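Structure, as structure tokens:
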Amino acid sequence: MTMRGKDEKRFWLLKTEAAEWSWEDQAANGGLSNWDGVKNKQAQKNLKSMRIGDLCFFYHSGARARRVVGVVTVAKEWHEATGAVDVMAVGEMRRPVDLKEMKADGGLQGFVLFRQPRLSVVAVPVEVWERVCELGGGFQGDGKAAGGGEED
């Protein structure tokens, strides 16, 4: 196992109930928001580990829609006063990736999202990040065209 340098980009998954804060809310807010209200100590530890430029899947949780719908980037690291990080929208997934689809994919076995389903902030290994992006056809702003080529 290799250790990552502190300047190396990391990947995360942030869960939100769509009825409380949806991808549409994020976009309507100029793309910027405080990711706050996290009470679980492990989830808070993950938030505190985030660095500017890290990428996060924006995941809708809840009974009706459990899926990755977009990508945000960390714009401001943990600030103790508000107990939050700031995230900025990067782009919507070209195709949302449903939890059932992820669970059925052999390349995603062992992903912590499946083992700790109540954890609202989850570290995402690079190989899982790449596979979920592949399943969703990438995301707007990833530098790739919808067909897999480079964006103009």
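Of note:
- Coil-residue trypsin sites (Lys or Arg not before Pro) of the stretch 71-152, DSSP, other Cβ within 10 Å capped at 11: R118
- Portion, in percent, of the accessible area of the chain that falls on carbon or sulfur, probe 1.4 Å: 49 percent
- About its Cα centre, the dipole of the stretch 13-152 is roughly 760 debye, where the only charges are +1 on Lys and Arg Cβ and -1 on Asp and Glu Cβ.
- Shape category assigned to the stretch 69-112 from the gyration tensor of Cα positions, a/c cut at 1.5: oblate
- Only lysines eight or more places from K76 in sequence, or on another chain, were considered; those with a Cα closer than 22 Å are K6, K9, K15, K39, K41, K45, K48.
- Computed about the Cα centre, the dipole magnitude for the stretch 81-143 is approximately 280 debye when only Lys and Arg (+1) and Asp and Glu (-1) carry charge, each at its Cβ.
- Shape class for the stretch 13-105, computed from the alpha carbon gyration tensor (a ≥ b ≥ c): prolate, with a/c not under 1.5 and a/b above b/c.
- Using the Karplus relation 6.51 cos²θ - 1.76 cosθ + 1.60 with θ = phi - 60°, the per-residue 3J(HN,Hα) values for the stretch 72-82 come to 10, 10, 6, 9, 8, 5, 2, 10, 4, 4, 10 Hz, with x marking Gly and Pro.
- The H on the amide N of W12, modeled in the peptide plane, is under 5 Å from the matching H of L55, C56, F57, V124, each at least 5 residues off or on a different chain.
- With contributions of -39500 (n - 2.57) from each DSSP H run of at least four residues, the per-residue ellipticity at 222 nm computed over the chain stands at -6000 deg cm²/dmol.
- Normalised per residue, the accessible area of the stretch 12-152 is 53 Å², obtained with a 1.4 Å probe and no contribution from ligands, DNA or RNA.
- Projecting the Cα positions of G110, V68, A89 onto the charge dipole of the stretch 1-148 (unit charges on Cβ atoms of Lys, Arg, Asp and Glu, taken about the Cα centre) puts G110 furthest along the positive direction.
- Shape category assigned to the stretch 40-152 from the gyration tensor of Cα positions, a/c cut at 1.5: oblate
- Whole-angstrom gap from the stretch 1-74 to the stretch 83-152, using each part's C-alpha centre: 11 Å
- Figure note: R64, R51 ranked by solvent-accessible area, largest first, 1.4 Å probe, ligands and nucleic acids not counted: R64, R51.
- By accessible area with a 1.4 Å probe, ligands and nucleic acids excluded, highest first: order of F11, F57: F11, F57
The values are calculated or read from the model by the stated rules, or taken from the named source; none is laboratory data. Source: prediction; values computed, not measured. A quick note on method: Cβ atoms are made from the backbone with ideal geometry, for glycine too, and the neighbour counts reach across all protein chains shown. For accessibility, only protein heavy atoms count, side chains too; no ligands or nucleic acids. Shrake-Rupley method; radii C 1.70, N 1.55, O 1.52, S 1.80 Å.
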